[in-house]
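One structure below.
The values are calculated or read from the model by the stated rules, or taken from the named source; none is laboratory data. The structure displayed is predicted, hence computed values, not measured ones. Glycine gets a Cβ as well: all are built from the backbone with ideal geometry, and neighbour counts include every protein chain shown. All accessible areas refer to the heavy atoms of the entire protein, side chains included, with ligands and DNA or RNA removed. Shrake-Rupley method; radii C 1.70, N 1.55, O 1.52, S 1.80 Å.
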Amino acid sequence: MATVRKTITLTDQQDGWIKAQVANGDYTSDSEYFRDLVRQDQEKFRALKAAVEEGIASGPSTRTIDDIWAEAEVRSSGPDE
(Lines give C-alpha, C1' and ligand atoms only; values in the text may rest on other atoms or scores of the structure.)
Protein backbone atom coordinates (compact mmCIF):
# COMPACT_ATOMS: atom_id res chain seq x y z
CA MET A 1 0.00 0.00 0.00
CA ALA A 2 1.38 3.38 -0.98
CA THR A 3 1.76 6.06 1.65
CA VAL A 4 1.46 9.82 1.34
CA ARG A 5 3.42 12.23 3.47
CA LYS A 6 1.33 15.04 5.04
CA THR A 7 2.34 18.11 6.97
CA ILE A 8 -0.02 19.32 9.70
CA THR A 9 0.07 22.11 12.23
CA LEU A 10 -0.81 21.50 15.88
CA THR A 11 -0.90 23.59 19.01
CA ASP A 12 1.72 22.88 21.66
CA GLN A 13 -1.00 21.31 23.80
CA GLN A 14 -2.11 18.98 20.99
CA ASP A 15 1.48 18.00 20.28
CA GLY A 16 2.03 17.31 23.97
CA TRP A 17 -1.05 15.09 24.05
CA ILE A 18 0.15 13.03 21.10
CA LYS A 19 3.65 12.73 22.53
CA ALA A 20 2.14 11.53 25.82
CA GLN A 21 0.14 8.83 24.02
CA VAL A 22 3.32 7.61 22.35
CA ALA A 23 5.29 7.81 25.62
CA ASN A 24 2.57 5.79 27.39
CA GLY A 25 3.10 3.03 24.84
CA ASP A 26 -0.39 3.41 23.35
CA TYR A 27 1.17 4.15 19.95
CA THR A 28 4.63 3.63 18.52
CA SER A 29 4.72 6.97 16.68
CA ASP A 30 2.82 10.16 15.93
CA SER A 31 1.93 8.68 12.54
CA GLU A 32 0.39 5.59 14.10
CA TYR A 33 -1.72 7.84 16.34
CA PHE A 34 -3.07 9.77 13.35
CA ARG A 35 -3.70 6.63 11.31
CA ASP A 36 -5.71 5.22 14.22
CA LEU A 37 -7.78 8.41 14.39
CA VAL A 38 -8.51 8.15 10.66
CA ARG A 39 -9.50 4.48 11.02
CA GLN A 40 -11.84 5.34 13.90
CA ASP A 41 -13.40 8.15 11.86
CA GLN A 42 -13.87 5.82 8.88
CA GLU A 43 -15.58 3.24 11.09
CA LYS A 44 -17.93 5.87 12.54
CA PHE A 45 -18.77 7.01 9.02
CA ARG A 46 -19.48 3.44 7.89
CA ALA A 47 -21.72 2.84 10.92
CA LEU A 48 -23.62 6.09 10.35
CA LYS A 49 -24.04 5.31 6.65
CA ALA A 50 -25.35 1.83 7.47
CA ALA A 51 -27.83 3.28 9.98
CA VAL A 52 -29.10 5.79 7.42
CA GLU A 53 -29.45 3.05 4.79
CA GLU A 54 -31.31 0.86 7.30
CA GLY A 55 -33.65 3.73 8.12
CA ILE A 56 -34.36 4.42 4.46
CA ALA A 57 -34.95 0.74 3.76
CA SER A 58 -37.38 0.42 6.67
CA GLY A 59 -39.81 2.80 5.00
CA PRO A 60 -42.05 5.42 6.60
CA SER A 61 -42.78 5.13 10.30
CA THR A 62 -46.28 4.91 11.73
CA ARG A 63 -45.11 6.37 15.06
CA THR A 64 -45.92 9.93 16.06
CA ILE A 65 -43.31 12.49 17.07
CA ASP A 66 -44.57 12.15 20.67
CA ASP A 67 -43.97 8.37 20.50
CA ILE A 68 -40.43 8.93 19.23
CA TRP A 69 -39.64 11.55 21.91
CA ALA A 70 -41.03 9.28 24.65
CA GLU A 71 -38.83 6.41 23.49
CA ALA A 72 -35.79 8.70 23.32
CA GLU A 73 -36.41 9.90 26.88
CA VAL A 74 -36.67 6.31 28.13
CA ARG A 75 -33.42 5.40 26.35
CA SER A 76 -31.57 8.41 27.76
CA SER A 77 -32.64 7.57 31.31
CA GLY A 78 -30.10 5.20 32.72
CA PRO A 79 -30.91 2.42 35.19
CA ASP A 80 -29.82 4.71 38.04
CA GLU A 81 -32.56 7.22 37.35
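A compact table of results
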read-out	value
Residue order for I18, I8, I68 - accessible surface, 1.4 angstrom probe, largest first	I8, I68, I18
Spatially proximal aspartates and glutamates relative to K49 (Cα-Cα < 15 Å; intrachain offsets below 8 disregarded)	D41
Accessible area in the full protein assembly, largest first, 1.4 Å probe, for D12, D41, D36	D12, D41, D36
Solvent-accessible area, 1.4 Å probe, carbon plus sulfur percent, for the range 41-81	58
Cα pair count fraction exceeding 16 Å, expressed as % - the chain	73
Candidate aspartates and glutamates - alpha carbon under 16 Å from K44, same-chain residues fewer than 8 apart omitted	D36, E53, E54
Of the DSSP H helices in the chain, those whose Cα atoms cover at least 30 Å axially and whose Kyte score averages -1.0 or more	30-58
Accessible area of L10 in the full protein assembly, 1.4 Å probe (Å², nearest 10)	60
Potential extension, A20-S77 segment - 0.36 nm per residue separation minus Cα distance	17.0 nm
For E43, solvent-accessible area (1.4 Å; no DNA, RNA or ligand), Å²	100
For the chain, size of Cβ-based charge dipole, Lys and Arg +1, Asp and Glu -1, in debye	580
